[in-house]
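Asks: Below is the structure I would like to discuss, written out as structure tokens.
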Amino acid sequence: MSLSEEYYKRSLNVCPGGVHSPVRSYKAVGGTPVFFKEGRGAHLTSVENESYIDFCQSFGPLILGHRDPEVEEAVLSQIGSLWTSGTCEAYSLELGEWIIEHVPAVEKLRFVSSGTEAVMSALRVARAVTKRDKVLKFEGCYHGHVDSLLVEAGSGLAGVSASSSAGVSSIQASQTLVCPLNDKEAYLKILEENKDDIAAVIIEPLPANFGLIELDHEYLKFVVDEAQKRCALVIFDEVISGFRAALGGMAEVLNIKPDLVTYGKVMGGGFPVGCYGGRKEFMDLVAPVGPVYQAGTLSANPVGMVAGLTTLKKAKRENIWKTFTERSKMMSEDFNSWSKSEGLKKRMHTFGSLFWICETEIGKLNSIKDIPKDHGEKFKSFFKSLLDQKLYLAPNGYEVGFLGLAHTEEVLKESLDIFKKACKETSS
Ligand SMILES: Cc1ncc(COP(=O)(O)O)c(C=O)c1O
């Protein structure tokens, strides 16, 4: 029995499915999870001392790679002075000022400890602003495990919503309306039928939780305008895209200013940090200024603040977004032309530092309907082949791959060879 197998067996007695977040489980791909003990740059080292090229990157936070030396130094120095205090301190002030200075969508913000908390709090603000209860979300967009958002479309466009998790009360589920992406007609119908009840329209402006979907600017502008016309707030959930798609996230790429925005992942530099922010008058409804209560014992913990600020400053200094665009273009062009020349169907879709591989002839996916139904099933053997070749993707075919700055051209070329081999081995 390998060490990973031994740990996995023990873990099954400790936590549900042996994991502390279901996305880490190998339920969708089969087999025993590899246990890792160390990360550096683009690589993870398993407990068996094997080195893997890592494109999971902790599901997105590690935009510079594992243990970037600059961030590591800042974190170690911070650990030598203050971990957490529950008092006012200047670390969160510095990160907060930096974000407000660089991100036009954020006039005021509040730090929390996860993306889920950020979304949950933004919704509370939206409900307080509008004095309405309902929220409209889009099919295939994930917004954390907030009760009311663990919902998928029920029968009928504006009909009853059914929860996709047990334990969510039907009252909460009924407050959420689910709309297909890229369907203007369905969107207008739901808005009209609920026009006095919708507090917020929440969307991942770059949907990256069910493959990688690229929405047109014109469609997103339409979504925003039609919501605001009916006095519903627009929340951009930029937990993945924030500071990753561009310094100012998709709000900057699209030149659209949402009413509220949520962040997590990259902004904590690998530590548990999230934030919600937006228009000053809305954020001033939050306690202790206003009546919206929201609090957190470890909110804005100094280690996360310093890791986040060091990460963002380095990202800006090195203009990592330009590098990502060049590298992912090189990677996808190489892979796609090879795949076509081999008569294979797999294509690599990219947006900056995000990539996703699936069997489709479509150049740009703009709806989850574009994803082949058997994608998840076909991913199993692809994942296994990659893992055997020591390349780690998240163990679910609908998760995107993340590039970090540590994925140099050399690492990407090595990865391309592995992707091609896996593709050839597993194509029917
Ligand atoms: C778009 C989006 N929103 C919210 C969340 C929830 O963030 P967290 O896992 O930090 O609670 C995620 C997590 O993947 C996400 O991708």
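Values in this text are rule-based calculations from the coordinates and carry no lab data. Please read all numbers here as calculations on a predicted model, not as lab measurements. Positions of Cβ are generated from backbone atoms using ideal geometry, with glycine treated the same way; all protein chains shown enter the neighbour counts.
Asks: Please get the size of the charge dipole for the chain, origin at its Cα centre, with Cβ charges of +1 on Lys and Arg and -1 on Asp and Glu, quoted in debye to the nearest 20.
Replies: Dipole of the chain, to the nearest 20 debye: 320 debye.
Asks: Taking the range 1-42 as the region of interest, what is the percent of Cα-Cα pairs per 5 angstrom bin, listed from the shortest bin to the one with the maximum distance?
Replies: Bins of 5 Å from zero give 5, 22, 29, 25, 13, 5, 0 percent of pairs.
Asks: Estimate the FRET efficiency between Asp225 and Glu89 by the formula 1/(1 + (r/R0)^6), using the beta-carbon distance for r and 25 Å for R0, to the nearest 0.05.
Replies: Values: r = 40 Å, r/R0 = 1.62.
With a Förster radius of 25 Å, E is 0.05.
Asks: Also, quick follow-up: When the chain is treated as a GNM, springs tying every alpha-carbon pair under 10 Å, which of Ser85, Ser164, Ser415 comes out with the largest mean-square fluctuation?
Replies: Top of the fluctuation ranking is Ser85.
Asks: Could you tell me which of rounded, prolate or oblate describes the range 311-428, using a ≥ b ≥ c as the square roots of the eigenvalues of the alpha-carbon gyration tensor, with rounded for a/c under 1.5 and, failing that, prolate when a/b is larger than b/c and oblate otherwise?
Replies: On the way: a/c = 1.73, a/b = 1.53, b/c = 1.13.
Note, shape of the range 311-428 comes out prolate.
Asks: Once you treat every alpha carbon in the range 1-121 as an equal point and sum by Debye, what is log10 I(q)/I(0) at q = 0.12, 0.13, 0.16, 0.21 Å⁻¹?
Replies: Debye intensities relative to I(0), on a log10 scale: -0.70, -0.80, -1.07, -1.29.
Asks: Highest mean first, how do 291-303, 138-150 rank when packing is the count of other Cβ atoms within 10 Å averaged over residues? Mind showing how you got there, number by number?
Replies: On the way: 291-303: 16.6, 138-150: 21.0.
Result, highest mean Cβ count within 10 Å first: 138-150, 291-303.
Asks: Cα-based Rg (one decimal) and Dmax (whole number) for the range 232-361, in Å?
Replies: Answer for the range 232-361, Rg first and Dmax second: 18.7, 62 Å.
Asks: Ordered by residue, what ³J(HN,Hα) values in Hz, to whole numbers, does the range 176-188 give under the Karplus form 6.51 cos²θ - 1.76 cosθ + 1.60, where θ = phi - 60° and Gly and Pro are x?
Replies: 10, 10, 10, 10, x, 6, 6, 10, 5, 4, 4, 4, 4
Asks: Then there's this: Just from its helices, what would the mean residue ellipticity at 222 nm be for the chain, if runs of 4 or more DSSP H residues each count -39500 (n - 2.57) and the sum is divided by every residue, rounded to the nearest 500 deg cm²/dmol? Intermediate results must be reported in sequence, preceding the final value.
Replies: Details: 13 runs with 155 residues, N = 428.
It comes out at -11000 deg cm²/dmol, rounded to the nearest 500.
Asks: In Å, what Kirkwood hydrodynamic radius results for the range 360-428 from the alpha-carbon pair distances? Spell out each step's value before the answer.
Replies: Numbers: mean 1/r = 0.0749 Å⁻¹.
The answer is 13.4 Å.
Asks: What is the Cα radius of gyration of the range 69-317 over 2.2 N^0.38 Å, N being its residue count? Display every interim value, and only then the final one.
Replies: Numbers: Rg = 17.9 Å, N = 249, 2.2 N^0.38 = 17.9 Å.
Taking N as the residue count of the range 69-317, the ratio is 1.00.
Asks: Provide the per-residue ³J(HN,Hα) series for the range 130-140, in order, calculated from phi with Karplus coefficients 6.51, -1.76, 1.60 and θ = phi - 60°, each as a whole number of Hz, with x at glycine and proline positions.
Replies: Per residue, the Karplus-derived 3J(HN,Hα) values read 8, 6, 10, 10, 7, 10, 9, 10, 10, 4, x Hz.
Asks: Which part of the range 370-386 falls in the paramagnetic zone of Thr32, meaning amide N under 17 Å from the point 7 Å along Cα-to-beta-carbon?
Replies: Correct set: 384.
Asks: Over the Cα atoms of the chain, Rg to Rh with Kirkwood Rh, two decimal places? Walk me through the numbers before you get to the answer.
Replies: Details: Rg = 21.4 Å, Rh = 22.4 Å.
Answer for the chain: 0.96.
Asks: Continuing with the same structure: What full-extension length gain, to one decimal in nm, is calculated for Asn366 and Glu193 as 0.36 nm per residue of separation minus the Cα-Cα distance? Numbers along the way, then the final one.
Replies: Numbers: separation 173, 0.36 × 173 = 62.28 nm, distance 2.53 nm.
Between Asn366 and Glu193, full extension yields an extra 59.7 nm.
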